[in-house]
Amino acid sequence: MVTVDDQPELLHIKEKYIDGGGNFWVAKESGKVVGTIGLMNAGNGVIILKKFFVYEPYRSFPHNLGRQLYAIFLDFAQKHNFREIILDTPRNTDRVYRFYEKAGFRKISQEKFPIIYDYLYRDSDFSY
């Protein structure tokens, strides 16, 4: 299980995401958070997709919230001329990896990761 201690940038969303030229979206229903997705600007046209979480009842029909959040993310990226998306996600998310693979992401080793940034997951598989 991923906790706030594993992802300290969640305590500083404005500074770590928005102020740096990225964004962070939160989907709510009846005041409850049901999904999130973050875009962290790594510079030089490179962004990092982070914090892509969708509460299980909202993942498939009729909500398809994951697809909706990802479309918003891509639209923002295109409008701001980002040219490369890097994914940093923990290894324990097989279902999510199927989503990413369908979206065109491919796993790479940490040695081939094209940038260095704070808040990497300790057990990440990197894709872009």
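Proximity of backbone amide H atoms, modeled 1.01 Å from N, is registered between D88 and L49 at under 5 Å, excluding neighbours fewer than 5 places apart on the same chain.
Near the amide H of G22, within less than 5 Å, lie the amide hydrogens of N41, all on another chain or at least 5 residues away, with H placed in the peptide plane.
Computed from backbone phi with θ = phi - 60° and the Karplus coefficients 6.51, -1.76 and 1.60, the 3J(HN,Hα) list for the range 51-58 is 6, 8, 10, 9, 4, 3, x, 9 Hz; x is used for glycine and proline. In sequence order, the range 67-73 has phi-based couplings of 4, 5, 5, 5, 5, 5, 4 Hz under the Karplus curve 6.51 cos²θ - 1.76 cosθ + 1.60, θ = phi - 60°, and Gly or Pro positions carry x. Which pairs break 23 Å Cα to Cα here: K16/K51; K16/K107; K28/K107; K51/K107; K14/K112? Check vs 23 Å cut-off fails for K16/K107; K28/K107; K14/K112.
A simple packing score, the average count of other Cβ atoms within 10 Å per residue, orders the peptides 10-17, 52-59, 36-43 as 36-43, 52-59, 10-17, with the highest score first.
Quick note: the coordinates plus some simple rules give every number you see, no bench work behind them. This is a predicted model, so every value here is computed, not measured. With ideal geometry, Cβ positions are generated from the backbone for all residues, glycine too; neighbour counts draw on all protein chains shown.
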